[in-house]
Structure formats: structure tokens, C-alpha cells
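Enquirer: One structure, as C-alpha cells, below. Some questions next.
Nothing in this text is a laboratory measurement; each read-out follows from the coordinates by a stated rule. Bear in mind that the values here come from a model prediction, so they are computed numbers and not experimental data. FYI the Cβ positions are ideal-geometry reconstructions off the backbone, even for glycines, and counts take in every protein chain you see.
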Amino acid sequence: MWNYAFQVPEQKKIRYFVHTDCKNEADDQYTLTHILMIDKLDVRGIIAGHFDRANQGRYPEHQTAQASLDEVHLILDLMGIDHYPEFKGAETGIPDQDTPIVTDAARFIVEEAMREDPRPLFIGMQGAITELACAILMEPRICERMTCIWIGGGDYPEGGQEFNLMNDVHAANVVFASSMPLWQVPMSVYKQFAVSLAELQVRVRPYGKIGRYLFDQMVALNDRLAAVPQWPHGETWCLGDEGVICALLEDRERRGGYTKISAPRIGADMRYLPGDKNRRIRVYHTMDVRLDLEDFYAKLQLNFTDKAGNSSPVAQRQYVSFWPEQSRSGIRPNLRPEEWPCRAATVCLLLART
Ligand SMILES: [Ca+2]
């Protein structure tokens, strides 16, 4: 369906699960858009994940996965796509390292992983790693049948506070202790996907309803957090979730970008604990950011050039609302506008994404 003068050979395609905490701030939406324009990926389904421990009153209690699912639907609408299976994940992290939260999302991961198909299967986790941990606890045999790429975890060797890890430390420990191949993109590596708002205004905003929305919702959040000194930074952002794509686009022979280490355990304080005798995982320390971002900009331009500038003013007002008065699912956040500055400061301290 895309406007490319090339084809990806069927033998080179891979099966892929999207897992996104799509409404936690303003970057997941870019990566979801990018993924859906990549012909190499046979997207089997989109799972909307929670950001429950960073909700801080933005949505009703335990409703952040629903907010993410609403945002997924909006992105698909703006791209003119309606044909992917979509699932809402658990609304909280798992209670311990032995008890899965059984959802249709976790069942779908198990079902697809256990299905006979010669093509490789990857899941790109752009937030808390809850649904994958649940699927592993429900059916451990999936560990031999798929690979996880996770955007999350603090920097090695110490580790520490990090947003995606914070939202479900138990789940991270389940996945790290499993035998599933794991490619980890820790914080300082996903921070390499830095962009400026001026860059996005030139390279993203002109291209279709989706380009306009991606840019405008980020600027809207930037404006709403104007009084918060820690984050965001004013005219720059980080598209950190792009790491899931970059890991798959990079040349296989570019092995200098990662190191294989024994999987650590993770303490309650999010610090890494020695795991010298554990299985090995791939931990990235550099990624080909140019390849990734230029691929995104090129595909957006190729596919949405003719649709530039046709979002209606009404639609724009609806779409750029970061804290919607009324979401598509009928959820009403319980945060009043006058509460914004103090709550936003709390959220950003928790995010620790400075
Ligand atoms: Ca994310």
C-alpha cells in the first residue's frame, strides 16, 4: 500500500508485534507510524500497554492502557489504516514474578509464537514489559520461538531509575531470567535518537494529517509543560522508541554496536545485580541513528506528500489535546487544568527523563 519503488523480498520479511505505551508522552506515536510504513515487517498485531506508575492523575486509576489503545486507534485513523489486530494490555504491572495477568494481548502473543511459521518473530517493547512477561509465564515454550527488543533499563553497569523499567520491575526480571533472546536498548542509547522541534517541523509536519498530528501533539505537550524545568528541554525531544526499529534495520554485520553480557537481576531500586552465571543478552551501546531517522523521514515524505495540510481545524483541536477532556473511549481524566503545574512537575520528576 506504500509508495516505494522497491520491494522487500518475502524471504527477508519478519513477523513483528508492536507493543507501545502510546500515550505516555509524545514519542511512541512516531515509532508506531514508522513501523507501519516498513514493508520488511509483517505486523501481526498492536498491543497497547500501560504506564500505570506514571499516571499521576492524568487518567482515571488503572486506565492508561486504555489511553494508549485510544491513541493507537487515532494514529491508524490519521494514516488511513484500519486492518491491524489491536489489543489492550494489562492496566498494571504484574503483582510478583510468578503470576501473569491473563489478557487477550498476552494470549495473542502466545498464539502467534506457537503458530508454525518459518519467518522469525520479534516483539518490540516500547514501554513496560508486562505483556511479554505474562505471555512467558503462561507459556514458557514461546521463549525458543521469538526475540524481544526492549527499550528500557538504566545504563550499565549500575542501572537505576528508568521510566519503562519503573512501570514493571517484576516483569523485567521475568524476561531477563527467561531463555528468550533479548536485545536491550538502555537509557543512554535510546537517548541517542535526539531530534529538534525545528527538524520535525521541516521533516514531519508537512506530510499529511499524520505528520501534522505528530508534530502538533509534541508541541502541545512542550507548551503544557512550560513551567517544568526538568523536562522537556524547550526545543528538543528524544524519539527513543525508534531503537526497536533501528535494531532491525541495521546491518547484521554491525556487531560493534552492542555487547553480550550475562543477564543481571534487577533490584527493587532498579539497580542491576550481578548475574555472572545467567544466560547472555545483547545490550546496545550505540545505534545507527542516521539510518533510522532518515528512513522515517523519507517514508513519511514518500507516502504522505500529496496529503499535506488537509487536517481540519476542528480535528486539530481534538487531536493535539495531550490531556483530552473526553477520550474516544469515554474516559475522563480527573486532572483539572488548575492542577497542571504541580502535577506536571511530579510526573516529570517520576519520569526522570532529563
Ligand atoms: Ca514508549
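Enquirer: Quick one: 3J(HN,Hα) in Hz for segment 175-188, Karplus 6.51/-1.76/1.60 with θ = phi - 60°, rounded, Gly and Pro as x.
Expert: Values per residue, Gly and Pro as x: 5, 4, 7, 7, 9, 5, x, 10, 10, 9, 10, x, 4, 5 Hz.
Enquirer: What does the helix-only formula give at 222 nm for the chain: each DSSP H stretch with n ≥ 4 adding -39500 (n - 2.57), the total divided by the residues, and the result rounded to the nearest 500 deg cm²/dmol? Mind dumping the intermediate values first?
Expert: Working: 13 runs with 128 residues, N = 354.
That calculation yields -10500 deg cm²/dmol at 222 nm.
Enquirer: Then there's this: Order the peptides 149-156, 294-301 from the highest to the lowest mean number of other Cβ atoms within 10 Å of their residues.
Expert: On the way: 149-156: 22.8, 294-301: 18.2.
Highest mean packing first, the order is 149-156, 294-301.
Enquirer: If R₀ is 30 angstrom, what is the calculated FRET efficiency for the pair Leu302 and Ala194, using the beta carbon separation as r and rounding to 0.05?
Expert: So, using R0 = 30 Å, E works out to roughly 0.80.
Enquirer: Okay, next question. Among 256-269, 70-83, what's the highest-first ranking by average C-beta atoms within 10 angstrom per residue?
Expert: Result, highest mean Cβ count within 10 Å first: 70-83, 256-269.
Enquirer: Express in nm, to one decimal, how much length is gained between Ala226 and Gln97 on full extension, taking 0.36 nm for each residue of separation and deducting their alpha carbon distance.
Expert: Difference between extended and current length: 42.5 nm.
Enquirer: Okay, next question. For Asn278 and Glu235 in one chain, what is 0.36 nm times their gap in residues minus the Cα-Cα distance, to one decimal in nm? Provide the component values of the computation, followed by the final result.
Expert: On the way: separation 43, 0.36 × 43 = 15.48 nm, distance 4.22 nm.
Additional length available on full extension: 11.3 nm.
Enquirer: From the residues Gly160, Phe6, Ala171, which one has its Cα farthest along the dipole of the chain in the positive direction, the dipole being from +1 and -1 charges on Cβ of Lys/Arg and Asp/Glu about the Cα centre?
Expert: It is Phe6.
Enquirer: Next question, about the same structure. If I model segment 11-351 as equal point scatterers sitting on the Cα atoms and use the Debye formula, what is log10 I(q)/I(0) at q = 0.09 Å⁻¹?
Expert: -0.44
Enquirer: Once a ≥ b ≥ c are taken as the square roots of the eigenvalues of the Cα gyration tensor of segment 1-159, is the result rounded (a/c under 1.5), prolate (a/b larger than b/c) or oblate (a/b not larger than b/c)?
Expert: It is oblate, given that a/c is not under 1.5 and a/b is not larger than b/c.
Enquirer: Based on the alpha-carbon gyration tensor of segment 105-165, what equivalent-ellipsoid semi-axes (square roots of 5 times the eigenvalues) come out, in whole Å, largest first? Please list the in-between numbers first.
Expert: Values: eigenvalues 125, 29, 18 Å².
Equivalent-ellipsoid dimensions as semi-axes: 25, 12, 9 Å.
Enquirer: Here's another thing I want to ask about it. Can you tell me the length gained on complete extension of the stretch Asp77 to Ala5, counting 0.36 nm per residue apart and subtracting the Cα distance?
Expert: That works out to 23.4 nm of additional length.
Enquirer: Report, by chain and number, residues whose modeled amide H sits under 5 Å from the one on Asp42, excluding near sequence neighbours (fewer than 5 apart, same chain).
Expert: Ile14, Arg15, Tyr16
Enquirer: Where both residues lie in segment 11-351, what percent of DSSP beta bridges are antiparallel, nearest 5?
Expert: Details: 11 of 36 bridges.
Bridges in segment 11-351 are about 30 percent antiparallel.
Enquirer: Continuing with the same structure: Looking at segment 191-277, which GluC sites (Glu not before Pro) are DSSP coil and have at most 16 other C-beta atoms within 10 Å of their C-beta?
Expert: For GluC sites (Glu not before Pro) across segment 191-277 that sit outside H, G, I, E and B with at most 16 neighbouring Cβ atoms in 10 Å, the list reads Glu235, Glu253.
Enquirer: Which residue fluctuates the most in the chain, going by a Gaussian network model with Cα springs under 10 Å, if the choices are Cys246, Cys148, Cys22?
Expert: Among Cys246, Cys148, Cys22, the largest mean-square fluctuation in the Gaussian network model of the chain belongs to Cys246.
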